[in-house]
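Chemist: Sending over a structure as structure tokens; questions will come in a sec.
Bear in mind these aren't lab numbers, they're just calculated from the coordinates by the rules spelled out. Bear in mind that the values here come from a model prediction, so they are computed numbers and not experimental data. Cβ placement follows ideal geometry from the backbone for every residue including glycine, while neighbour counts extend to all protein chains displayed.
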Amino acid sequence: MDSLGYVAAFAAQTETSQISPEVSARTALILADCIGAIVGGAAEPDVAALAARQHGSGPALLIGTSQTRPAGAAALLNGTAGTTLEMDEGNQFCKGHPGMHTAPAALAAASARADVSGADLLAAIAIGYDVGARVGIATQLRPSMHPHGTWGAICAATAVARLQNAPADQMRHAISLSASLGLSTSRRTMLEGGTVRNVFAGVSGQMGVLAGDMIASGYTGDHDGVAQVFGHVVSDRFDAAAFSDGLGERWEVSRNYFKMHSCCRYNHAALDALATLRAASAGLDHSAVESVLVETYSLAVELDDPAPKNVLAGKFSVPFAMASALVNGSTGVDSFTMKNVEDPRILDLAQRVKVVEDVAMTARLPHKRPARITLTMKSGQVLQAATETNRGDWSDPFPAVEIREKYLSLATRLWREDAAIRIWDMVIEIGAAPSLEPLFTEMARASR
């Protein structure tokens, strides 16, 4: 059996009961985090405006509202909302965000099926996450591409096919054809603030729902669409052995990371170092800072624009993120707003933040995400701090209570606090739920 056949059989034939309690619990935590990010993003005006233009009736909830849409439209809109604030979880080994490419499609597809239990949903998300992330691990995308919306369609399609109880041959087609339903994404969108980037994950969810309809209707993919697309089209090499290595033993949900800073992950090492410095230097005043030097790995050095033109570009700028954190004392959603993008204090300080590569730090990817920062004060004093890896990585995880606090800070942008708390508890315990209907009902009536 070839690599794709092996993976497809695993995705289709693994019994829900075979998934360990630890993997299920981690998947539930990822699902809760994704829901918080979706609700938080749904509060943004452009997301709400896009939702108002997507018509049609259907069973799938637009999370954060009481509205419903067809499953594909809901996956699109929920995935878009969940990406917008840059608060969605990710996986450093596949260099992307499998959760937000998987959970919206799985929730949308499950909403039309009364026979799906909470354990079934978690199994579909864990397996969809795993298969898509493994494609990312086995592939080196072209440097000009943004990873969102590429192999993410495979995450979504696998989860949807799993919920449809697709046999192994159909699962193979779902994975294979969804490889051809990905996007040709531009990396420049994130650097220039092209907000089309925010819909990439949502489109993957929509394509995953479409892939489920296609295989149920008899459509097929090429024999090995994954190796063809990711070995010859968007990349020149696909490592089939890496795709299936440790399948069923090493679960990618168990190697994920969670985010607390509302910006690109490549900013986080420097921001974590700054947080350490602030904790050790009580009363650190941004107006007393003369310059900031950030030494870090190559991917972060690319984020060097000191004058971003909008909020998205600000989230992908180390100078802006550092300056905003120094001025506002925060790296949450409120630190990345258009008001801050236009704040002359932040822009002035951002001009004095220099980002340079340390090749020894680059060599430590992907297991470490290091940074060293040096603040030179106007007094001549020099302050330094460093970090080896981002807080929230699988090797330095956040306690669940911190992830819950983050979830509540996002969910309460649209939901009542009491409802948000109930929904958190329901999601964390969803593996024991015989039906998803109570969760969908609670989410639909949670709005303020």
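Chemist: Using only the Cα atoms of region 223-333, what are the Rg and Dmax in Å?
Modeler: Just the Cα atoms of region 223-333 yield Rg and Dmax of 19.2, 62 Å.
Chemist: Any idea what the dipole of region 329-448 comes to, in debye rounded to 20, about its Cα centre with Lys/Arg Cβ at +1 and Asp/Glu Cβ at -1?
Modeler: 440 debye
Chemist: I would also like to ask the following. Mind counting lysine pairs for me in region 265-387? Cα separation below 20 Å, and the two need to be 8 or more apart along the chain or on different chains.
Modeler: 5
Chemist: Nearest 20 debye, what's the magnitude of the dipole of the chain about its Cα centre given +1 on Lys and Arg Cβ and -1 on Asp and Glu Cβ?
Modeler: I would put it at about 720 debye.
Chemist: For a quick check: sort TRP151, TRP394 by the number of other beta carbons within 10 angstrom, fewest at the front.
Modeler: Neighbour counts put them in this order, fewest first: TRP394, TRP151.
Chemist: Which one of ARG265, ARG250, ARG26 has the biggest mean-square fluctuation once the chain is modelled by GNM with Cα springs under 10 Å?
Modeler: Sorting by GNM fluctuation, first place goes to ARG250.
Chemist: I've got another one for you. Under a GNM of the chain (C-alpha, springs under 10 Å), which listed residue has the highest mean-square fluctuation: HIS101, HIS148, HIS55?
Modeler: Evaluated over the chain, the most mobile residue of the options is HIS55.
Chemist: Quick one: check the C-alpha center-to-center distance for region 15-61 versus region 204-256, whole angstrom.
Modeler: Rounded to whole Å, the Cα centres lie 21 Å apart.
Chemist: How much net charge surrounds ILE30 when only other residues with a Cβ under 15 Å from its Cβ are counted (Lys, Arg +1; Asp, Glu -1)?
Modeler: -4
Chemist: Starting from the Cα gyration tensor of region 265-387, take the square roots of the eigenvalues, sort them a ≥ b ≥ c, and report rounded, prolate or oblate (rounded when a/c is under 1.5, otherwise prolate if a/b is larger than b/c, else oblate).
Modeler: Oblate is the answer for region 265-387, as a/c is 1.5 or above yet b/c matches or exceeds a/b.
Chemist: Between region 366-382 and region 319-347, how many Å separate their Cα centres?
Modeler: For region 366-382 versus region 319-347, the Cα centre distance is 18 Å.
Chemist: So, with +1 on the Cβ of K and R and -1 on the Cβ of D and E, and no other charges, what is the size of the charge dipole of region 265-387 about its Cα centre, to the nearest 20 debye?
Modeler: In debye, rounded to 20, region 265-387 gives about 220.
Chemist: While we're looking at this one, here's another question. What is the spin-label model distance, in nm, from GLU290 to GLN13 if the labels are put 7 Å beyond Cα along the C-beta direction?
Modeler: Here the answer is 6.8 nm between the modelled labels.
Chemist: Quote the Stokes-Einstein diffusion coefficient, in whole µm² s⁻¹, for region 178-284, based on the Kirkwood radius over alpha carbon pairs, a temperature of 10 °C and a viscosity of 1.306 mPa s.
Modeler: So the translational diffusion coefficient is about 89 µm²/s.
Chemist: As a test, work out the antiparallel percent of DSSP beta bridges whose residues both lie in the chain, rounded to the nearest 5.
Modeler: Of the beta bridges lying entirely in the chain, close to 75 percent run antiparallel.
Chemist: Which residues in region 429-448 place their backbone N less than 17 Å from a point set 7 Å from the Cα of ASP418 along the Cα-to-Cβ direction?
Modeler: 442-448
Chemist: Separate question: If we restrict to alpha carbons, what Rg and Dmax does the chain come to, in Å?
Modeler: Final numbers for Rg and Dmax: 21.3, 72 Å.
Chemist: So, in nm, how far is label GLU429 from label SER379 when the simple model puts each one 7 Å beyond its Cα toward the Cβ?
Modeler: 5.3 nm
Chemist: So, one more: Before rounding to the nearest 500, sum -39500 (n - 2.57) across all DSSP H runs of length at least 4 in the chain and divide by the residue total; then give [θ] at 222 nm in deg cm²/dmol. Let's see the in-between values first.
Modeler: On the way: 22 runs with 225 residues, N = 448.
Counting only the DSSP helices, I get -15000 deg cm²/dmol.
Chemist: May I ask for the equivalent-ellipsoid semi-axes of region 172-212, computed as the square root of five times each C-alpha gyration tensor eigenvalue and listed largest first in whole Å? Intermediate values should be presented prior to the final figure.
Modeler: On the way: eigenvalues 119, 21, 4 Å².
Computed over region 172-212, the values are 24, 10, 5 Å.
Chemist: Loop only per DSSP, at most 16 neighbouring Cβ atoms within 10 Å: give me the chymotrypsin sites (Phe, Trp or Tyr not before Pro) in region 158-249, ordered by residue number.
Modeler: Sparse-neighbourhood loop chymotrypsin sites (Phe, Trp or Tyr not before Pro): TYR219.
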